[in-house]
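Contents: one structure, followed by commentary.
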Amino acid sequence: MTLGCARNEVDSEELAGRLAGDGWRVTTDAQGADVVLVNTCGFVAEAKQDSIDTLLAAADTGAPVVAAGCLAERYGRELASQLPEAAAVLSFDDYPDISARLASVLAGERPDPHVPRDRRTLLPMAPAQRHGGGSGGAGLTVDAATPAHLRPVLRRRLDSGPVAPLKLASGCDRRCTFCAIPTFRGAFVSRTPDELLAEAQWLAGNGVRELVLVSENSTSYGKDLGDPRALEKLLPQLAAVDRIVRVRVSYLQPAELRPGLVEAIATTAGVAPYYDLSFQHASEPVLRRMRRFGSRQRFLDLLAGIRGLAPDAGARSNVIVGFPGETRGDVAELVRFLAAARLDAIGVFGYSDEDGTEAAGLPGKVPAATVRRRYQKLLGLADELAAQRAAERVGSVVEVLVDSVVDGVVEGRAAHQAPEVDGSTTLAGPVAAQLRPGDLVQATVTGTDGVDLVAVPAGPAVPAVPAVPVAGP
């Protein structure tokens, strides 16, 4: 059972690959299971509570429940002591031996939980010194001398849909004052291009049509490989993989977004002109306290540059309201930015203190009632602005990848719509009735429902082709 972000989805499929390789039968249905493995999220308070609730519900199956993932890594022994329903609480360090860990649980053993540590200290501070061969701790363990096309992919798909995340890297080197992720995910480590291409080919052979590139900070990709332009070079290679029709980059850091990468995303055939930009705020004083960089005008200039290359490019972001020291003037600056930015999707978060973060000790705490009020105001504004942006697309032609066909309803996503976090496109008309998941079709937008689009196919589809599984676990 997987909670949280797309990076966790990849982790779960890597765990499933290891287990399947050792003879376990892996399923996403907890009923009748011998053991339930829950890959938790530990990002913010709401996600933590969701993880705990899921662990408790899993325990109701009667099977031993094992907690893994970010919440388990972040709290270790503390989580184990407060959640006796969990038969084991595992660390990321347990992943290579996951089969043995689950076997011990089934044997009635209760492994000692780990004491959490700052995982940034486990690798050299200098990025260039972090790679010693293989995957560098980013997920797969292989011999660096093994040709890419012969490497086994330690991953087993848990979803048969036409879209899959591909993890570029693990960890983060940024020190945003509100974020604890680097302490439990560790320092930034890129996966090598040949390793990523090998996994992309494996995914394509298992029915995937769209690759969503994920990491904690995709704009950092390659800095530890000695090539800050590695992502610009990798994108056309991934887009050229047979059966892949779309590549999408997520988790872009505005302060690190180089002009060359902006251009590569906007102009490379097969790459979605889509920018998942982590703005977080638009007031310079707030951004400085967050230990981030930029301003309302700089962010608007960035978006204008993107749209100069790709006028219909998609753009989304997340913002935090109620950060320590935030004033009404800061909120007004954020509102002015959002009103001018024409973003396709806006995630709004109310600030809360997170264990182990610098922001938790900052002065000028905004009262909880004020945070809630600002959150509600910004949330309503975000919904209204995103709906307006969707309405601007009426009459345009979008390229839609079909995700599902259920009871005659054909649903997919245009290039500006990422899975899970953005809107979707419903296809109508006689051509739509013949489509199936994985088909790619040009469609004219005829209407909207909030951020979602309604469109009519404007021509024949690029059809999905049967999966041809390639070497794997």
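Of the residues Arg336, Arg130, the one with the largest accessible area comes first in the ranking Arg336, Arg130, computed with a 1.4 Å probe on protein heavy atoms. For region 210-274, trypsin sites (Lys or Arg not before Pro) meeting the loop criterion (DSSP other than H, G, I, E, B) and having at most 14 other Cβ atoms within 10 Å: Arg229. At the residue level, Met1 shows approximately 90 square angstrom of accessible surface with a 1.4 angstrom probe and all protein chains present. Each Lys or Arg adds one and each Asp or Glu takes one away; over the other residues whose Cβ falls under 13 Å from the Cβ of Pro182, this sums to +2. Lysine pair count for the chain with Cα-Cα distance under 21 Å and sequence separation of 8 or more or different chains is 4.
Projected over every direction and averaged, the convex hull enclosing the alpha-carbon atoms of region 330-439 yields 10.0 nm².
Annotation: the antiparallel percentage among DSSP beta bridges lying fully within the chain is about 40. Classify region 281-376 as rounded, prolate or oblate from the Cα gyration tensor: take a ≥ b ≥ c as the square roots of its eigenvalues, call it rounded if a/c is under 1.5, otherwise prolate when a/b beats b/c and oblate if not. Prolate. Applying a DSSP loop filter and a limit of 15 other Cβ atoms within 10 Å to the trypsin sites (Lys or Arg not before Pro) in region 60-123 leaves Arg117. What is the dipole size for region 314-380, taken about its Cα centre, with +1 at each Lys and Arg Cβ and -1 at each Asp and Glu Cβ, in debye to the nearest 20? Computed about the Cα centre, the dipole is about 440 debye. If one computes the Cα centroid of region 15-34 and of region 44-92, what distance in Å separates the two points? Computed from Cα coordinates, the inter-centre distance equals 18 Å.
Between the listed residues Ala282, Leu309, Val249, the Cα displaced farthest toward the positive end of the dipole of region 235-328, a dipole computed from Cβ unit charges relative to the Cα centre, is found at Ala282. In a simple Cβ point-charge model (Lys, Arg +1; Asp, Glu -1; nothing else charged), the chain has a dipole of about 1280 debye relative to its Cα centre.
Report summary: the helix-based calculation at 222 nm, which adds -39500 (n - 2.57) for every DSSP H run with n ≥ 4 and divides by the residues of the chain, gives -10000 deg cm²/dmol. Considered as an equivalent ellipsoid built on the Cα gyration tensor, region 218-258 has semi-axes of 21, 13, 7 Å, the largest given first.
Cysteines in the chain that lack a partner Cβ within the 4.7 Å cut-off: Cys5, Cys41, Cys70, Cys172.
Just check region 33-85 against the gyration tensor rule for me: Cα atoms, a ≥ b ≥ c as the square roots of the eigenvalues, rounded for a/c under 1.5, and otherwise prolate or oblate depending on whether a/b exceeds b/c. Cα axes put region 33-85 in the prolate bin. Whole-Hz Karplus values for region 30-40 come out as 6, 5, x, 6, 6, 8, 10, 9, 10, 8, 8 Hz, taken residue by residue from phi with 6.51 cos²θ - 1.76 cosθ + 1.60 and θ = phi - 60°; glycine and proline positions read x. Per-atom-type breakdown for the chain gives carbon and sulfur 53% of the accessible area (1.4 Å probe, protein chains only).
As a ratio to 2.2 N^0.38 Å, the alpha-carbon radius of gyration computed for the chain takes the value 0.98.
The values are calculated or read from the model by the stated rules, or taken from the named source; none is laboratory data. What you see is a predicted model, and the numbers here were worked out from it, not measured in a lab. As a convention, Cβ positions derive from the backbone with ideal geometry for all residues, glycine included, and neighbour counts pool all protein chains shown. All accessible areas refer to the heavy atoms of the entire protein, side chains included, with ligands and DNA or RNA removed. Shrake-Rupley method; radii C 1.70, N 1.55, O 1.52, S 1.80 Å.
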